[in-house]
Amino acid sequence: MIFETPAIEDPLSQGDILDACPIFGFETSGTDVDLNAAPARWQERVIVLTQACDLAQAKTTKVLVALLHPAQLLVERGILKSPNHPGSGAQGTGFRLVFSAGSPGPHCASGIDH
């Protein structure tokens, strides 16, 4: 894997991975979501999705991120096939996504698995 750890003063860019990034959201355990309630806060490992040019030119004040999940967890849930899985065709070169109606997917109504 090719990567570098940027200096703390370096600006964010698309594809940057952030550890312990603060995430805010609403509790979705019940059938109703109270949009007036204070959002819950937790920390996750995420990747920056916002366009690099928008970040570089300060065209946005918000950053869109996606949660990063350990590959083994996704294999266990049937979302990814292991490179060593018989018939995967990957021959040990990487993981591949599995798209099917029977795939369990994230277990949270918001798509955020925490």
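The values are calculated or read from the model by the stated rules, or taken from the named source; none is laboratory data. It should be emphasised that the depicted structure is a prediction, and the values quoted were computed from it without experimental measurement. No Cβ is skipped: glycine too gets one built from the backbone with ideal geometry, and neighbour counts run over all protein chains shown.
Results for (1) of a type outside the set (Val, Ile, Thr); (2) exposed (fewer than 13 other Cβ atoms within 10 Å of the Cβ), shown as yes or no for each residue.
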{"residue": "Ile17", "(1), (2)": "no, no"}
{"residue": "Pro22", "(1), (2)": "yes, yes"}
{"residue": "Thr28", "(1), (2)": "no, no"}
{"residue": "Val33", "(1), (2)": "no, no"}
{"residue": "Arg41", "(1), (2)": "yes, yes"}
{"residue": "Glu44", "(1), (2)": "yes, no"}
{"residue": "Thr50", "(1), (2)": "no, no"}
{"residue": "Thr60", "(1), (2)": "no, yes"}
{"residue": "Val65", "(1), (2)": "no, no"}
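Quick one: is Cys53 assigned to a helix (DSSP H, G or I) and at pLDDT 60 or above? I'd like the intermediate steps shown before the answer.
Working: assigned to a helix (DSSP H, G or I): yes; at pLDDT 60 or above: yes.
So Cys53 fits the description; yes.
For the stretch 13-39, enumerate the residues that are under 21 Å from His69 (Cβ atoms) and among the aliphatic types (A, V, I, L, M).
Passing the criteria: Ile17, Leu18, Ala20, Ile23.
Looking at Leu35, Leu68, Leu73, Leu55, can you tell me which residue is out of contact with any helix residue (DSSP H, G or I) (no Cβ under 8 Å at 6 or more places or on another chain) and closer than 17 Å to Asp19 by Cα?
One residue alone meets the criteria, Leu68.
For the stretch 1-24, what are the residues that are aromatic (Phe, Trp, Tyr) and either in contact with a strand residue (DSSP E or B) (Cβ under 7 Å, 6 or more places away or on another chain) or modelled with pLDDT of 85 or more (or both)?
Of everything in the stretch 1-24, just one residue is aromatic (Phe, Trp, Tyr) and either in contact with a strand residue (DSSP E or B) (Cβ under 7 Å, 6 or more places away or on another chain) or modelled with pLDDT of 85 or more (or both), namely Phe24.
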